[in-house]
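The values are calculated or read from the model by the stated rules, or taken from the named source; none is laboratory data. None of these values were measured; they are calculated from a predicted model. Cβ atoms come from the backbone with ideal geometry, glycine included; neighbour counts cover every protein chain shown.
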Amino acid sequence: MNRREFARLLAIGGAAPFIPESAWARGVSAAKLPPTPASPDEKFWTAVRDQFVMPKDLTMLNAANLCPSSGPVLDTLYKMTRDMDQDPSQDNRAKLGDGREATRKALAEFLRVTPEEIVITRNTSESNNLVSTGIDLKAGDEVLLTADNHPSNHTAWQEKAKRFGFTVIDIPTPNPHPGAEYYVNAFTKAITPRTKVISITHLTSTVGDLFPAKEICRLARERGILTLVDGAQTFGLLDVDLSDIQPDFYSGSAHKWPCGPKENGVLFINKSAQPKIWASIFSAYPGRVGISKSFEGFGQRDEPAMIAFGEALKLQNEIGRAHIERRSRELTQALMAGLKKIDGVKIWTSPEPSRAVAVLSFQPGNLDVRKLSTALYQKDRIGCATRGGNDRPGLRFSPHFYNTHADVERTIAAMKKYMTTGV
Ligand SMILES: Cc1ncc(COP(=O)(O)O)c(C=O)c1O
C-alpha cells in the first residue's frame, strides 16, 4: 500500500489522514537542543517546542491528560522497534534487556532512590492497583484517602475494600485549597490504631490542588502507617525527590509530564516497604535487580518503549528539571493573570505556589464548556480539557515546557472573544 492509499484508508475509516510531514516522520531527528542558558529565555523555550512534532499552529494545554512524546523519544522508539523487528532473534533482543535496566537506573536517579526500588509498569493506574491489591489488609483495618483522588487511587481502594473487608475513609478536600496545615491536621485527627494505609494524590488532576506529601508521609511513618503517593501529576513536572518525601510507594506515568512513550509507568517501592507487599502478577521476563526481580515479571514487554522512557528522562535532565517546573509555573501564572481580567471567569485553582502547580481550572461564566472547548480546538487550535457536572465544572488548562508565552496570549485572546460574544 502506498502513502496515498494508506491516507485514503484512514479517511474512509473516519480518521483524519495522517500526513507524515514532520522531521521525525521523514526519519530525520529534531534539531539538537542548545545548552540551557542560566536564565532560559523565550528563544530557548521555542527551541524546546521544536523538539516536538506537533504542528506549530497547535497550542496544547492538556499536559495533565496526555503529553506528546518528544522527537528524541519517537526516534528511539522507532529505531529500537525497527531493530527488533528486523531481527527478532533472542540474540539480537538481548541488548533490549540492558536498555530496560538502563531506564530503571535513570528512573532511580530521576527520583533520587535506588534501582532496587523501581518497578517499570504500564501506567499510574497499574502502579496504584499493584499497591492496593498487594498490601495485606483485612476486616477492621482502615485506609485513609483524600476525597478528590483519581479512580485508580479511589475506586480501586473502595472496590478492594468490598472484597477484603477493610474500611475506606475519605478526607474531605475543600475548595479553595485550605493549605498544608489543614491537611496535616485533618489526617492527624482521622488516624486511629486501625489505620494501615494513607493514600493521597500529590497533585489533583481536577483543580490542581497540591498536597503536602512530605508532611503527610512523615506523620504516617511516625505511626507505622504505609503511604502511597499518586504522582501522575507531579512526575516529570516537579523536581520530585523521593529521598526527601519518603513515601512507601510512589506512582507515575511516562506519557504525562515526562513526555515519554505511551503505556509506560513507574512504581517506587521503598526498601523498607518491600517485605509488606505481595506481587500480583507472576509471569516470565522480570527485571534484573531488587524488587523488579519478583514484582516486574509481567510477561513480554514493549522494551523499545521502556528504553524510550529513559530518553524522555534524558531530555528533562538536559533542559533542567528546576527550569521545567519554573517554566510551567510561570506559564500557569500568566494564564491565571489573563483569565482574572476577564469578567465572569471563576478560577477554582489556588494562586499560591505552595498549593497549586500547572493545573488550572476555571468556570467560564455561563458558557457551555463542551461547545467552548470544541470551538477553542476547531477554530483556534487550542487543546484543553473540560469538566462537567456540578463539582467545580469548567475548563482545565495544563501548560508544560513545550508551551510558550505566545500560546498564553493566543489562549487569553480566544477566551476574551468567547466570553464577550458567546460560542
Ligand atoms: C492523579 C492521577 N492518577 C492516576 C491517573 C491515571 O493515569 P494513567 O491513565 O496514565 O494510568 C491520572 C490520569 O489522569 C491522574 O490524574
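Evaluate the following for E21: is it at pLDDT below 95 and in a loop (DSSP other than H, G, I, E, B)?
yes
So that you can scan it fast, the table gives a plain yes or no per residue for (1) surrounded by 22 or more Cβ atoms within 10 Å (Cβ to Cβ); (2) in contact with an Asp or Glu (Cβ under 9 Å, 6 or more places away or on another chain); (3) assigned to a helix (DSSP H, G or I):
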position: P353; (1), (2), (3): no, no, no
position: K371; (1), (2), (3): no, no, yes
position: A375; (1), (2), (3): no, no, yes
position: G389; (1), (2), (3): no, no, no
position: H400; (1), (2), (3): yes, no, no
position: M415; (1), (2), (3): yes, no, yes
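Pairs, please: C-beta under 9 Å, at least 6 apart or cross-chain, first residue at pLDDT 95 or above and in a helix (DSSP H, G or I) and in the stretch 320-331, second buried (at least 18 other Cβ atoms within 10 Å of the Cβ) and polar (S, T, N, Q)?
Listed pairs, sorted by first residue: I324/Q316; R327/N403; S328/S398; S328/N403; L331/N403; L331/T404.
Check E303, E318, E311 and return the single one that is over 19 Å from P35 (Cα atoms) and among the charged types (D, E, K, R).
Selected residue: E303, the only one of E303, E318, E311 that is over 19 Å from P35 (Cα atoms) and among the charged types (D, E, K, R).
Which number in (1) surrounded by 19 or more Cβ atoms within 10 Å (Cβ to Cβ); (2) farther than 17 Å from K340 by Cα; (3) within 23 Å of the chain's Cα centre (by Cα) marks the one condition that V359 misses?
(2)
Going by the structure shown, is L313 touching a strand residue (DSSP E or B) at 6+ places or on another chain (Cβ under 7 Å) and of a type in the set (A, V, I, L, M)?
Criteria not met by L313.
With respect to A15, determine if the residue is modelled with pLDDT under 95 and within 26 Å of the chain's Cα centre (by Cα).
no
Can you name every residue in the stretch 123-175 that is among the charged types (D, E, K, R), away from the ligand (no atom under 15 Å from the Cβ) and touching a residue at least 60 places away in the same chain (Cβ under 8 Å)?
D136
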